[in-house]
Amino acid sequence: MTGDVLLYVVMLMLPVAALISRRLPVGEVVKMALAWLAIFALLYLAIAAWQQATGTGTAAREQPRYTGNLT
């Protein structure tokens with residue numbers, strides 16, 4: 001568990017250090033971060049909608065499917 005947290009901290013520090021070394025204005029960094037957040041959010045919503053439409057994913061596996069038998 002501690003090794004995982006350390007790995008994630010290092011993985012987060014590398015891009016942050018690269019942005020700091022470029023000395024970009026804070027406004028541009030915030031704008032880029034919000035743009036990436038929007039991209040990942042839209043991608044997540046598109047995948048969730050696709051899974052719901054095709055009947056795949058975890059929500060579809062939890063609900064029983066109608067097989068045509070009413071007995």
*Restricting segment 37-71 to residues that are β-branched (V, I, T) and at pLDDT below 90, the residue that is most open to solvent (accessible area, probe 1.4 Å)*: T71
*asked:* Cβ-Cβ under 7 Å, sequence separation 6+ or interchain: first residue in segment 28-57 and without any contact (Cβ under 8 Å) to a residue 12 or more places away in the chain and closer than 28 Å to V16 by Cα, partner among the hydrophobic types (A, V, I, L, M, F, W, C) and not in a loop (DSSP other than H, G, I, E, B). Which pairs?
replied: V29/L19
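The values are calculated or read from the model by the stated rules, or taken from the named source; none is laboratory data. Values in this document were obtained by computation on a predicted structure and should not be read as measured data. A quick note on method: Cβ atoms are made from the backbone with ideal geometry, for glycine too, and the neighbour counts reach across all protein chains shown. The accessibility values were calculated without ligands, DNA or RNA, using every heavy atom of the protein model including side chains. Shrake-Rupley method; radii C 1.70, N 1.55, O 1.52, S 1.80 Å.
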